[in-house]
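Bear in mind these aren't lab numbers, they're just calculated from the coordinates by the rules spelled out. Source: prediction; values computed, not measured. A quick note on method: Cβ atoms are made from the backbone with ideal geometry, for glycine too, and the neighbour counts reach across all protein chains shown.
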Protein chains: 2
Amino acid sequence: MADLNFFFNPSSIAVIGASDTVGSVGYEIMKNLHEDFPGELYPINIKQKLIFGKPSYKSILDVPSKVDMAVIAIAAPFVSDVLEECGKKGVKGVIIVSGGFSEIGEKEREAKLLEISKKYGIRIIGPNCIGIYDNFSGVNTIFLSKDKISFPKKGKISFLSQSGAFAGLILDWTSKERIGISNVVSYGNKIDVNEADLIDYLYYDENSKVICLYIEGIRRGQKFMEAAKRVSKKIPILALKSGKTKSGAKAASSHTGSLAGEDIIYDSAFKQSHIIRANNFEDLFDMAKALEKGIFPKSDGVAILTNAGGLGVMTADALEMNGLRLANLSEDTIKKLRDQFPERVVVSNPMDLVGDADKGRYEVGLNALLEDKDVGLIIVILLLQVPTLSLDSVDTILRIKKISDKPMIILGAGGEIITPYLIKLEEGGLAVYPSPERAARAAYALVNHAIVRGDIHRERKENIGVCKI
Amino acid sequence: MADLNFFFNPSSIAVIGASDTVGSVGYEIMKNLHEDFPGELYPINIKQKLIFGKPSYKSILDVPSKVDMAVIAIAAPFVSDVLEECGKKGVKGVIIVSGGFSEIGEKEREAKLLEISKKYGIRIIGPNCIGIYDNFSGVNTIFLSKDKISFPKKGKISFLSQSGAFAGLILDWTSKERIGISNVVSYGNKIDVNEADLIDYLYYDENSKVICLYIEGIRRGQKFMEAAKRVSKKIPILALKSGKTKSGAKAASSHTGSLAGEDIIYDSAFKQSHIIRANNFEDLFDMAKALEKGIFPKSDGVAILTNAGGLGVMTADALEMNGLRLANLSEDTIKKLRDQFPERVVVSNPMDLVGDADKGRYEVGLNALLEDKDVGLIIVILLLQVPTLSLDSVDTILRIKKISDKPMIILGAGGEIITPYLIKLEEGGLAVYPSPERAARAAYALVNHAIVRGDIHRERKENIGVCKI
């Protein structure tokens, strides 16, 4: 397994094609690195002398110190020459942002890059990519301006994307969705570093606890499956694969030249290598949000606790449609709760605490479910709009979460007034979902990974009737 | 067809059980009506003399003027007596908020209400419901406090819900999602007014252009289907039906006592009465948002225009999975655009304008698609995070929208910086979706309704592989 650490945690970076022309790619890369990267930064530009207040060099060979990693953002015909110079300089890794290679039919030009990379033992990400966003080390070659996108908070989810534009969108979207990200990598034409290498690297990255993939087509399937199989026992891997239909496959071929392949082959490959397939990008990150907590069920029985009956019904539906099972509460649990709860409470699964439930009723219910052996995980539905649940009910949930060894998933949604409640639950370490179906998908991912880990001993059930979109 | 206008547009309302005890149901109803309802308001309370500064009466019979509609929010055992008084007073419609009837086994108590309603010819909504929220007339019997929920902006979507709690959640959630609502009705045990009556009423309501339903179980199926079939040719009807699985059906029976019935029967009934079935509540309102615009396709060919290839691929997939067809662009369209666009633009469907597309390129592309006969509707994907699309690109889209007779759906997502762009598109009358799959579902709903209207002549294709959750 190759070490790619110099891409994510270099001591020094050279930006070849750095610029102080606002809006240019070389400007945005320099600006982001200048603001976020704490190591040495060397702008390389044949014309300018000072860029962002730093001395600029005509060639990377002129840089007086060692350079770990270089980013190349110059016109395609000149890339091979500067790559050769990177080789001579002893640079370990190069991100080639420039486009204009095999994606437009320039195959020889691209082959030349691979030849140089082998000659000097340089690893290459790209070409035709937007590179790396590492939320911990500050490496950021994503050349979208901070005037147009926001970056997400630190977290444990890594995202590897064949599409650069989509990677950019996901960074901005996760910032709004309050989803924590460790790394995003767009690897473009992947002439050298590919999904398999990145998965292997992330296995050892202490900041990454879930790996999400966006794939249009895999070239070296065997290597990818081996890596995924090795890694997914420890770190869950989720994949969104497009080009599933005829229309989609045709579009993918015009986009990244990917041969999307028969979708059924991908389905089977994902299954064999324990990759959980996402139906769409919300689904991808919904599942990742639950998995990143690192708490997995020991039983495949799911309990639903609710103060809104209708949402309980919809959640029960969604669980069954994901091939999951409602936990059978023990006689002991039922007897105990029947004695403590008013008659109108439905002591069953779903457990309907009814509309006037307060934090005390939730506490009694939750504690009983945590003790019940058949309950592997709990979906807690909170209709926070009712007068009996105030902000301190959130504290109650969080206090129980702290002592719980079972995963808890929150279903809660609402407007401006309720959102702070939901944020408090998230900040307390709980994954929160706005709908029954999305909460159920998170439960599906947790049970699925627990089976892969060997914590739950049963067949991985296919999700029944779950959409493939 | 019965007239229910007095429920939605009464001149006067009596609140039986009105109260000035903060937090009580009678307080919240009075408070919301006091703030929002411009007509006469009469609090009825056996003890208090002044409520919200208004003289309170011991009985509705003491009210000196005519009362169109009454809301009853007192303990169940006393409801029949006050209902009798409403009858004597000549009240036309009564919303019985109080619970404690058939849902807890008190069937005789409930039968008594129906008897009185027939005796006096009073129409009843409820019991055991939260009643009506009419965003235009100010009738609001939803007894959730404005301290806990926000109400949505005015719009053209009506929502009928068997679950009161869910109706409350939807009001709050649509406020955040910027979805416009005309009416929300929760009808609880529906001893008199049911889904069929409400659908019939909304047919003539000029503010309602789409009807959304949340159903756990239908009792009088034939009447419902007849009403739906009649109405859905003019006003699209969407339904979310829970209790689809064994687990869900069991939960529904504990919740509203509904016999969920075989799901396949509902599927068939919905199909026969041209009801579009939603997979979940996001899906329900995603489709409604597109339908409320009232512009429907004349061809079932869908065109995709994008500056992000990956999103184009995902959208093509999602369309095909919804049984939709990508439009075949005419040779004329292709030739014209090939001449005007740089070589890197993919002149096909999806049409990939590539990452450096500006508003001019969108304008040329859109105009050509609007002229192409096989294009019935257009999904416009805007990766607004790129430097070449600024706020005035939104103006360009809106300008074209104004002269377009084809529906346009926007796919755009992002964080804090991009959100104002999306809001501007929405305020300009376009439906905006955050993901390819959600935009494709909106397209599905538009084509589906156009077939029901008779504007597109083809079989209604089942959505292929689309999830049932």
If amide H atoms are built 1.01 Å from N in the plane of the peptide, which residues on other chains or at least 5 residues away come under 5 Å of the amide H of residue A:14?
A:42, A:69, A:70, A:71
Give me the log10 of I(q) over I(0) for the range B:61-188 at q = 0.15, 0.16, 0.20, 0.22 Å⁻¹, as the Debye formula computes it from C-alpha points; what are the numbers?
-0.73, -0.81, -1.09, -1.21
Student exercise, the protein assembly as shown dipole from Lys, Arg, Asp, Glu Cβ charges, in Debye to nearest 20:
600 debye
Which whole-number percentage describes the relative contact order of chain A, with Cα contacts under 8 Å and a sequence gap of 6 or more?
11 percent
Taking beta carbons within 10 Å but only from partner chains, what does the mean come to for residues B:345-358?
2
For label points placed 7 Å from Cα toward Cβ, what is the shortest-first list of nm distances from residue A:419 to its copies?
0.4
Shape of the protein assembly as shown from its Cα gyration tensor (a ≥ b ≥ c, root eigenvalues): rounded if a/c is under 1.5, otherwise prolate when a/b > b/c, or oblate?
prolate
Partner chain Cβ atoms within 10 Å, averaged over the residues of B:383-392 - can you pull that number for me?
4
Positive-end extreme of charge dipole, the range B:30-100 - chosen from B:57, B:41, B:96 (charges on Cβ)
B:57
Applying 1/(1 + (r/R0)^6) with R0 = 25 Å to the Cβ-Cβ distance of residue B:272 and residue B:204, what FRET efficiency is obtained, to the nearest 0.05?
0.60
Folded to 0 to 90 degrees: helix A:309-321 orientation relative to chain A principal axis, Cα
60 degrees
Given A:229/A:406; B:244/B:271; A:244/B:271; A:335/B:244, the pairs whose alpha carbons are separated by over 18 Å
A:229/A:406; A:244/B:271; A:335/B:244
How long is the gain from residue B:178 to residue B:118 if the chain were fully straight, where each residue apart is worth 0.36 nm and the alpha carbon distance is subtracted?
17.5 nm
HN-Hα J couplings of the range A:411-424 from phi, Karplus 6.51/-1.76/1.60, θ = phi - 60°, integer Hz, Gly and Pro as x?
10, x, 8, x, x, 4, 6, 7, 3, x, 4, 5, 5, 5
Please work out the FRET efficiency for the pair residue B:370 and residue B:419, using the Cβ-Cβ distance as r and a Förster radius of 22 Å; give the result to the nearest 0.05.
0.20
Where nothing but the Cβ of Lys and Arg (+1) and of Asp and Glu (-1) is charged, how large is the charge dipole of chain B around its Cα centre, in debye to the nearest 20?
860 debye
Shape of the range A:301-453, Cα gyration tensor, a/c cut at 1.5
rounded
Whole-Hz Karplus ³J(HN,Hα) for the range A:444-449, in order, using 6.51 cos²θ - 1.76 cosθ + 1.60 and θ = phi - 60°, x for Gly and Pro?
4, 4, 5, 5, 4, 5
Any residue on another chain or 5+ positions along whose placed amide H is under 5 Å from the amide H of residue A:155 is listed here as A:181, A:182
Which of the trypsin sites (Lys or Arg not before Pro) across the range B:280-374 are loop residues per DSSP, with 16 or fewer other Cβ within 10 Å?
B:298, B:344, B:373
Position residue A:53, label points 7 Å along Cα→Cβ, spacing to each other copy in nm (shortest first, one decimal):
6.0
With the dipole of the range A:76-206 worked out from charges on the C-beta (+1 for Lys and Arg, -1 for Asp and Glu) around the Cα centre, which of A:199, A:116, A:155 lies farthest toward the positive end?
A:155
Can you list the aspartates and glutamates whose alpha carbon is less than 18 Å from that of residue B:293, not counting same-chain residues fewer than 8 positions off?
B:177, B:205, B:206, B:282, B:283, B:405, B:426, B:427, B:455
If amide hydrogens are placed 1.01 Å from N in the peptide plane, which non-local residues have theirs closer than 5 Å to the one on residue A:239?
A:213, A:276, A:277, A:278
If we count other beta carbons within 10 Å of each Cβ, what is the order of B:156, B:66, fewest first?
B:66, B:156
In degrees, nearest ten, helix B:281-291 long axis to first principal axis of chain B (Cα)
70 degrees
For chain A, take the longest principal axis of its alpha carbons; what is the angle in degrees between that and the long axis of helix A:359-371, to the nearest 10 within 0 to 90?
80 degrees
HN-Hα J couplings of the range A:103-115 from phi, Karplus 6.51/-1.76/1.60, θ = phi - 60°, integer Hz, Gly and Pro as x?
5, 10, x, 7, 6, 5, 4, 6, 4, 4, 4, 5, 4
Taking R0 as 25 Å, what FRET efficiency do you get between residue A:363 and residue A:427 from their Cβ-Cβ distance, rounded to the nearest 0.05?
0.80
If B:245, A:419 are placed from fewest to most neighbouring beta carbons inside 10 Å, the sequence is A:419, B:245
Two-site label geometry, residue A:88 and residue A:46: point separation in nm, points 7 Å out along Cα→Cβ
1.5 nm
So what's the net charge close to residue A:157: Lys and Arg +1, Asp and Glu -1, counting the other residues with Cβ under 9 Å from its Cβ?
+2
If you place +1 on the Cβ of every Lys and Arg, -1 on the Cβ of every Asp and Glu, and leave all else neutral, what size is the dipole of the range B:297-406 about its Cα centre, to the nearest 20 Debye?
220 debye
Residues of the range A:1-23 with amide nitrogen under 16 Å from the 7 Å Cα-to-Cβ point of residue A:226?
A:1-3
Eigenvalues of the Cα gyration tensor times 5, then square-rooted: what semi-axes does that give for chain A, in whole angstrom, largest first?
47, 24, 17
Say each of residue A:54 and residue A:334 gets a label point 7 Å from the Cα, pointing the same way as Cα to Cβ; how far apart are those two points in nm?
6.8 nm
Taking neighbour Cβ counts within 10 Å as the exposure measure, how do B:240, A:238, B:305, B:311 sort from fewest upward?
B:240, B:305, A:238, B:311
